[in-house]
């Protein structure tokens with residue numbers, strides 16, 4: 001079954017069944033549900049040690065191990081999958097942690113080259129391995145556009161002048177970080193860059209701010225400051241878009257920030273309604289920024 005994405009110059013035919021190579025978190029299942037709602041059959045290829053075993057049982061799925069490219073591709077072909085995406089959290093593995101099949105052993109030079117770069121470089125290198133073997137890698141703009149952050153102020157609370165200045169500063173910082181492929185988030189409070197996202201991700205970043213407040217090392221008044229998230233400049237937007245959900249809002253509240261600002265159309269949100277409801281109760285803002 002095919003669906004044509006309408007109303008965009010880059011419209012593509014999405015061919016079902018769609019293979020979802022799924023890491024951790026709720027997003028793989030949100031994407032699977034989005035595809036099913038549009039009449040597109042998802043097949044989850046659950047990564048051992050990462051994908052949630054309690055949730056994946058509700059979907060057509062196969063368990064696969066990191067490093068077993070040949071096995072995964074064989075299963076995808078048997079399922080009739082041509083279109084593939086990567087979704088969910090994943091801790092970058094060390095080469096020594098991978099268990100290879102015969103195809104992967106032949107790909108070791110490519111894998112080593114991918115591991116030597118940042119996350120975007122690694123994902124693009126992995127995508128190339130699949131694409132040169134007959135698969136097509138798609139992103140959320142093609143597969144689940146309903147999960148992308150909309151543009152505008154989404155909450156009853158609106159950012160003030162100081163918040164808007166912090167947002168501009170955050171965007172500037174993320175642009176300057178992009179060439180180094182470091183992270184996709186930063187926290188700015190009263191014009192000061194307090195912290196940037198690293199390998200620990202957004203949850204770790206927010207926890208760090210909470211701990212700084214609790215220890216008295218961060219004395220800015222509660223309710224000030226913004227978490228700003230954006231994809232890296234020049235990033236392949238099929239992979240590793242900034243991802244948010246209710247847990248992110250809980251972290252923003254616990255960190256004592258005034259709100260959250262992310263790039264509209266280039267960030268994935270799980271359960272936006274719950275995010276907005278929680279934010280409204282806490283009187284913080286959520287803003288979808290113009291790309």
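Bear in mind these aren't lab numbers, they're just calculated from the coordinates by the rules spelled out. On a predicted model such as this, the values are computed, not experimentally measured, just so you know. Cβ coordinates were reconstructed from backbone atoms using ideal geometry, including for glycine residues, and neighbour counts include every protein chain displayed.
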(message) Highest mean first, how do 267-277, 240-250 rank when packing is the count of other Cβ atoms within 10 Å averaged over residues?
(response) 240-250, 267-277
(request) For the chain, find the longest principal axis of its Cα atoms and tell me its angle to the long axis of helix 272-282, 0 to 90°, nearest 10. (result) 20 degrees
(request) Express the relative contact order of the range 148-289 as a whole percentage, based on alpha carbon pairs under 8 Å and six or more residues apart in sequence. (result) 35 percent
(request) Provide the FRET efficiency to the nearest 0.05 for the residue 273-residue 52 pair, computing r from the beta carbons and using R0 = 25 Å. (result) 0.70
(message) Which of rounded, prolate or oblate describes the range 171-210 when judged by the alpha-carbon gyration tensor and an a/c cut-off of 1.5?
(response) oblate
(message) Give me the percent relative contact order of the chain, please, defined on Cα pairs under 8 angstrom at least 6 residues apart.
(response) 17 percent
(request) May I ask for the angle, rounded to the nearest 10°, between helix 161-177 and the longest principal axis of the chain, with both axes built from Cα atoms and the value confined to 0 to 90°? (result) 40 degrees
(message) I want to check the label-to-label distance for residue 65 and residue 41. Put each point 7 Å from Cα in the C-beta direction and report it in nm to one decimal.
(response) 2.9 nm
(request) Using only Cα atoms, tell me the angle between helix 201-214 and the longest principal axis of the chain; keep it within 0 to 90° and round to the nearest 10. (result) 30 degrees
(message) Using helices alone, I'd like the mean residue ellipticity at 222 nm for the chain: each DSSP H run of four-plus residues gives -39500 (n - 2.57), total over residue count, nearest 500.
(response) -10500 deg cm²/dmol
(request) Give me the percent of Cα-Cα pairs in the range 166-291 that sit more than 21 Å apart, rounded to a whole number. (result) 32 percent
(request) Determine the percent antiparallel among the DSSP beta bridges restricted to the chain, to the nearest 5. (result) 35 percent
